[in-house]
């Protein structure tokens, strides 16, 4: 199956600052992928490059194997894009917003979009400016889903929502995409938002991709080992040490790889996803990336 | 896209039409009152009847509201309708919504500009024609050059220019208010530049020469339709320039002053309108280039 998004050495510079650098990732098909990183890490830049709201400075990005530069319209028809802060027209009613989607897209499923909004009890005749932040996010999502997209991109979709609304939004998202097997890429600076819904994780910080992989595989291959104080140069065999921290009596090693046997006095502790992400973000030089795959790309 | 444009701009469209209709009504009213008044004695001044309608028309005419309106309106149209067209989308972030739908940015912008520009341009056309009617009701031989900018080809072309300039500046700056300020400044520079430097010389002016300096007055009498483009210059018998303007020299042998004859009026209207239209086309092209390639 062709990857919905494939970036090769993608980079974007604004003036003298690199917002994104040498970014090579492959977002898998039919999965919900999370793009996580601190504010200003380059998440929005990456997503804007995918929708060609920006032009790359270096490298290229392909969507369904095609270049957005050459075949943007073809791709935008297949892509639902919800930009940061869910921009909508405040003076439009909800049904005006759906009419906007209907008239500007060749593929449009009015019934599906209406059903989404009924489900979250948003009245069609209400003006956008009179909706809460959570409701506006739902309208933005319905507008993107109305295209029945093969790829759905959401940039910080829940940043403005309270915890309950976040949960509802994510739940709705899972339900909506399950039916079509839509590939989803959503960004957030809060790992907690992504943990429950994502199958795939991309960690990005300071404009560079640090980690990309299936969440289960990431959790299975990373371990937190705690044992008696060892010298900082000590490296257990067969694993890569991502990070080491030491107190007077004990050492903690965050390692990647299979741990064959635990030496005496050492034990393995739980390493939840959030902890794993924070570990990587605290060591900007560390990276866990899949080997690049060669893929036939149709012209 | 047509529906979207209509839905987005219907309110400002209603406002614009209301203001345009008000101005048109005022001009038509004053023209009508001039027409029905019958006091041919004061031929070169405004002449109104003594009834209430005449009084109101006189008030309107005295303050020249419609005259100023016609000069200011194109600039305001460019600032308030042209600038926000793209800039408001960018400042609200809704360009990320509009430009990720299944419509090319080229089509998005062209449809938007067409559907906003065309109805808006009807206003300066109507008002400009009414203004010409009004001027013909004023006095015996009105000099059209004095109200060059208020005639229909110029009102339409300068409004189109202002709109195109506003859209382009708005797209580049991406914020409505600063774009409005820049648009107004650029508009004034171009309009004054054309009027002061271009207009007197679209066709080489005709020289009026007289050796009868005793009866010479500046501007010379007997040319009611002429536009005098410079001051009278005085020369001695050898052809050396002695002075310009009103200073009279005793050694002067003859005086020269240049003018554009009245029958060139519509030719000049056409030339300056064409220049503004070409500039408008250039800014429209630039706005399209910027929106489709540059902006994020």
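Of all the residues in segment B:247-285, those that are in contact with a helix residue (DSSP H, G or I) (Cβ under 7 Å, 6 or more places away or on another chain) and over 17 Å from residue B:199 (Cα atoms) number 3. Filtering segment B:25-38 down to residues that are assigned to a helix (DSSP H, G or I) and surrounded by fewer than 19 Cβ atoms within 10 Å (Cβ to Cβ), which residue is farthest from the chain's Cα centre (by Cα)? Among residues in segment B:25-38 that are assigned to a helix (DSSP H, G or I) and surrounded by fewer than 19 Cβ atoms within 10 Å (Cβ to Cβ), the one farthest from the chain's Cα centre (by Cα) is B:36. Could you please let me know if residue B:103 is surrounded by fewer than 22 Cβ atoms within 10 Å (Cβ to Cβ), in a loop (DSSP other than H, G, I, E, B) and touching a residue at least 24 places away in the same chain (Cβ under 8 Å)? In short, yes. Looking only at residues in segment B:207-239 that are part of a strand (DSSP E or B) and in contact (Cβ under 8 Å) with a residue 24 or more places away in the chain, the one that is nearest to residue B:73 (Cα to Cα) is B:227. Set side by side, the residues B:155, B:114 differ, and just one is surrounded by 24 or more Cβ atoms within 10 Å (Cβ to Cβ) and either touching a helix residue (DSSP H, G or I) at 6+ places or on another chain (Cβ under 6 Å) or away from chain A (no Cβ under 14 Å) (or both), which is B:155.
Residues that are within 25 Å of the chain's Cα centre (by Cα) and modelled with pLDDT under 80 within segment B:220-251 are absent altogether.
Count of segment B:83-97 residues, restricted to those that are without any contact (Cβ under 8 Å) to a residue 40 or more places away in the chain and more than 7 Å from chain A (Cβ to nearest Cβ), is 1. Among the residues of segment A:200-211, just one is closer than 14 Å to residue A:185 by Cβ and more than 10 Å from the chain's Cα centre (by Cα), namely A:209.
Residues are listed down the side, and each one gets a yes or a no for (1) touching a residue at least 40 places away in the same chain (Cβ under 8 Å); (2) closer than 19 Å to residue A:46 by Cβ:
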site	(1), (2)
A:125	no, no
A:146	yes, no
A:149	yes, yes
A:153	yes, yes
A:175	no, no
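If the condition is being surrounded by fewer than 23 Cβ atoms within 10 Å (Cβ to Cβ) and under 25 Å from residue A:189 (Cβ atoms), then segment A:69-87 contributes A:84, A:85, A:87. From the list B:204, B:195, the one residue that fits, being under 24 Å from residue B:276 (Cα atoms) and part of a loop (DSSP other than H, G, I, E, B), is B:204.
May I ask you to list the residues in segment B:2-19 that are farther than 14 Å from residue A:90 by Cα and at the interface with another protein chain (Cβ under 8 Å from one of its Cβ atoms)? Once the filter is applied, which keeps residues that are farther than 14 Å from residue A:90 by Cα and at the interface with another protein chain (Cβ under 8 Å from one of its Cβ atoms), segment B:2-19 yields only B:3.
The values are calculated or read from the model by the stated rules, or taken from the named source; none is laboratory data. Everything numeric in this text was worked out from a predicted model, so none of it was measured. Cβ atoms come from the backbone with ideal geometry, glycine included; neighbour counts cover every protein chain shown.
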